[in-house]
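Before any comments, here is the structure.
The values are calculated or read from the model by the stated rules, or taken from the named source; none is laboratory data. Not measured: the values here are computed from a predicted model. As a convention, Cβ positions derive from the backbone with ideal geometry for all residues, glycine included, and neighbour counts pool all protein chains shown. Remember, those area values only see protein heavy atoms, side chains included, never the ligands or the DNA or RNA. Shrake-Rupley method; radii C 1.70, N 1.55, O 1.52, S 1.80 Å.
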Amino acid sequence: MNIKNNKTYRAGMVCCSIAAALTGLSSCADFLEIKPQSEIILEDFWNEKADVENVVMGCYSALQSDAVRKRMIVWGEVRSDNVMSGQNINNDVNLYNIVRENITAMNTYTTWDGFYDVINRCNTVLKYAPGVAAEDPGYTQGDLKATIAEVSALRDLCYFYLIRTFRNVPYSTVAFTDNDQTMDLPATPFEDVLDSLINDLESIKADAVVRYPEAKPRYQTGRITRDAIYAMLCEMYLWKKDYDNCIRYAELVIDSKKLLYEEERSKGNSGGTMSLSSLNVVETRLNGYPLVADRTSGNMFGDAYEAIFADGASRETIFELNYDANPESSGMPSSSAISSFYGNSDSHKGLLAPTSAILDDVTATSGRTIYEDKNKTLDARLYQNLDAEGGSITKFASRSVSINMQDASKPSASYSYYTSNNNSSQWIIYRLPDIMLLEAEAICQQMQEGSEQSVIDFNAPKLQKCFALVNAINKRSICKAQLLEADTLKLADYNTKSLMEELVQRERRRELMYEGKRWYDLVRYAMRDGNTNQVVSAVQKRDDVNATFAQNFFKKMDAIFWPYNNEEMKVNRNLIPNPVFGSGESTSYEKSK
């Protein structure tokens, strides 16, 4: 953990970027609108509640930074079968090398200081906030507990990104505010860090804010809530292979979202201009899950995309990072990472593009491996994820996607791209379909293989539950006002553990494509299976990677993780290089089974 080289951590000082972290907050009295301060002397700062709140907002600002956001995309997508080289990728040689699977410890995207910046800010709040509570009567013990829960969860989220990327990482819950502190920590094993994160979240979940005031809707999805902590625990338990707890926390999130929806509906807020009968149709279509619905009449579709990814703070969003199209006037950043990587109005194709395998699957009418043949061209995600004709990624890069189904045999889509460097799309960390599919994956792992009647009886209720989760998400995406039986998936087609598991994985890929999830899913499958077969199959579908190379390289389990950056290893001699990328002996490799 290279902190000595980061100016943020000077002795006796902490850098607190307090630029507005969330959109939709126009009151000049709101603490999120306080202008950034470069360096704050500790002994002159931690005196009152506002000081704590300002630094907490600095944690969110650091999480929004390009250094972190770009790595969320690069680490979560670029090594996967979702992307290949796009336009002018040679302008970013480090990104180009990753796409070609030519990764070395010199690659700048292997640096992790942005995440450790957030971690240290959070640790600093945890160190000094109790002293403020002792001095300022306006900062109550209840406020302190809520702060501890919020920043602990942000810190745990950062560590979760780090271990899924590098496997073993330096782990500390101590604030580094003094140059005399020992910072060159050895890496803690993946399993130990994961256990620590789970234990930490379990200990603070009850103190987290359940719901922010209605007057501040951006807070509900743009700051950590109890639901966000439940979502993190759901995913972490899945990685731990504790499927009962994964399911338990998924259900807590789903129940919370259902309760919120019912409260909104009782106030007449959930359906907009929809009549009660229309709402009933939507709820039936979504199997009772409170997802954002598309329109249920006419031939134009795409409302759900705009509500979730552009407008933000949607019904199904749990936690997201907010950006603004006018950073100069708002003081909050635009999403330059998306503008560069995925595209903009000047260049619809960004540095990254969909793989040929995806483009072929989109245009195919049978034999698909990503989208279902059953839905043919009706799946909205065929158009929302990418523009097949232009060969570009449209999710996040486009402000709106209008899907015209007037002639269902020849559907078309039009896009309204954000202008260059003025992208205000919301970067979603967790939303309800993600959690529903994590639960479905956990249920699949509890099923049995075999054709015996006892196996069939054991699997039956689990198959039904899995299918209800997947089918709700799938039906939401069908661009048709009135669904016919021929339009929807059928449980009978997925009546074994392996068939259902494949369906869950396909639904997860097409629903969450380009949201920074795919590579981590492949890593999780490999760690669970004890082999890299799915990783190899995926990487071989990338246009920029030699198939034979992928087959040989990913025989080693170490290859699914990233190397430590060379500069980090120079500063921290306790880091042991990943043998796949370093000079370690082959005997140190962890082999794929």
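Counting only residues that are open to solvent by 10 Å² or more (accessible area, probe 1.4 Å), touching a Ser or Thr at 6+ places or on another chain (Cβ under 9 Å), under 17 Å from Pro577 (Cβ atoms) and among the aromatic types (Phe, Trp, Tyr), the stretch 93-113 holds 0 of them.
Scoring Thr147 on the criteria (1) within 18 Å of Asn120 (Cα to Cα); (2) open to solvent by less than 10 Å² (accessible area, probe 1.4 Å); (3) of a type outside the set (A, V, I, L, M) leaves a single failure, condition (2).
Condition check ((1) of a type in the set (Lys, Arg); (2) within 24 Å of the chain's Cα centre (by Cα); (3) on the phi > 0 side of the Ramachandran plot) across all residues:
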residue: Ala481; (1), (2), (3): no, no, no
residue: Gln505; (1), (2), (3): no, yes, no
residue: Arg509; (1), (2), (3): yes, yes, no
residue: Val539; (1), (2), (3): no, yes, no
residue: Asp544; (1), (2), (3): no, no, no
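Could you tell me whether any residue of the stretch 453-466 is within 23 Å of the chain's Cα centre (by Cα), in contact (Cβ under 8 Å) with a residue 24 or more places away in the chain, open to solvent by 10 Å² or more (accessible area, probe 1.4 Å) and over 28 Å from Ile576 (Cβ atoms)? So far as the stretch 453-466 goes, no, none of its residues is within 23 Å of the chain's Cα centre (by Cα), in contact (Cβ under 8 Å) with a residue 24 or more places away in the chain, open to solvent by 10 Å² or more (accessible area, probe 1.4 Å) and over 28 Å from Ile576 (Cβ atoms).
Residue-wise test of (1) touching a Pro at 6+ places or on another chain (Cβ under 7 Å); (2) modelled with pLDDT of 95 or more; (3) among the aromatic types (Phe, Trp, Tyr).
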| position | (1), (2), (3) |
| --- | --- |
| Arg226 | no, yes, no |
| Tyr243 | no, yes, yes |
| Arg265 | no, no, no |
| Thr273 | no, no, no |
| Leu276 | no, no, no |
| Ala293 | no, no, no |
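The set of residues in the stretch 63-78 being modelled with pLDDT of 95 or more and acidic (Asp, Glu) consists of Glu77 alone.
What pairs come out if I take residues in the stretch 55-70 that are over 22 Å from Tyr128 (Cβ atoms) and pair them with residues that are small (Gly, Ala, Ser) and assigned to a loop (DSSP other than H, G, I, E, B) whose C-beta lies under 8 Å away, six or more apart or interchain? Close Cβ pairs (under 8 Å, with a partner that is small (Gly, Ala, Ser) and assigned to a loop (DSSP other than H, G, I, E, B)) amount to Gln64/Ala21; Arg69/Ser335.
Output yes when any residue across the stretch 338-353 is open to solvent by 10 Å² or more (accessible area, probe 1.4 Å), more than 24 Å from Ala62 (Cβ to Cβ), without any contact (Cβ under 8 Å) to a residue 40 or more places away in the chain and of a type outside the set (D, E, K, R), and no when none is. The answer is no; no qualifying residue exists. Can we say Asn90 is among the polar types (S, T, N, Q), touching a residue at least 12 places away in the same chain (Cβ under 8 Å), surrounded by fewer than 21 Cβ atoms within 10 Å (Cβ to Cβ) and part of a helix (DSSP H, G or I)? When the stated conditions are applied, Asn90 does not pass them. Among the conditions (1) over 15 Å from the mean Cα position of the chain (by Cα); (2) more than 21 Å from Ala559 (Cα to Cα), the only one that Tyr96 does not satisfy is (2). Out of the stretch 309-345, which residues are modelled with pLDDT of 90 or more, among the small types (Gly, Ala, Ser) and assigned to a helix (DSSP H, G or I)? Once the filter is applied, which keeps residues that are modelled with pLDDT of 90 or more, among the small types (Gly, Ala, Ser) and assigned to a helix (DSSP H, G or I), the stretch 309-345 yields Ala310, Ser336, Ala337, Ser339, Ser340.
From the list Ala413, Ala353, Ala364, Ala380, the one residue that fits, being touching a helix residue (DSSP H, G or I) at 6+ places or on another chain (Cβ under 6 Å) and closer than 26 Å to Asp543 by Cβ, is Ala413.
Looking only at residues of the stretch 391-417 that are at pLDDT 95 or above and not in a strand (DSSP E or B), we find that the one that is surrounded by the fewest Cβ atoms within 10 Å (Cβ to Cβ) is Gly391. Within the option set Ala67, Ala105, Ala62, being among the small types (Gly, Ala, Ser) and either touching a Pro at 6+ places or on another chain (Cβ under 8 Å) or part of a loop (DSSP other than H, G, I, E, B) (or both) holds for one residue only, Ala105.
For first residues located in the stretch 479-499 and free of Cβ contacts under 8 Å to residues at least 60 places away in the same chain, partners that are assigned to a helix (DSSP H, G or I) and lie 6+ apart or on another chain with Cβ distances below 6 Å form the pairs Leu491/Phe467; Tyr494/Met500; Tyr494/Leu503. Within this structure, Asp387 passes the test of being under 29 Å from Ser297 (Cα atoms), in contact with a His (Cβ under 8 Å, 6 or more places away or on another chain) and surrounded by 22 or more Cβ atoms within 10 Å (Cβ to Cβ). Under 21 Å from the mean Cα position of the chain (by Cα) and open to solvent by 60 Å² or more (accessible area, probe 1.4 Å), is that true of Arg476? Criteria not met by Arg476.
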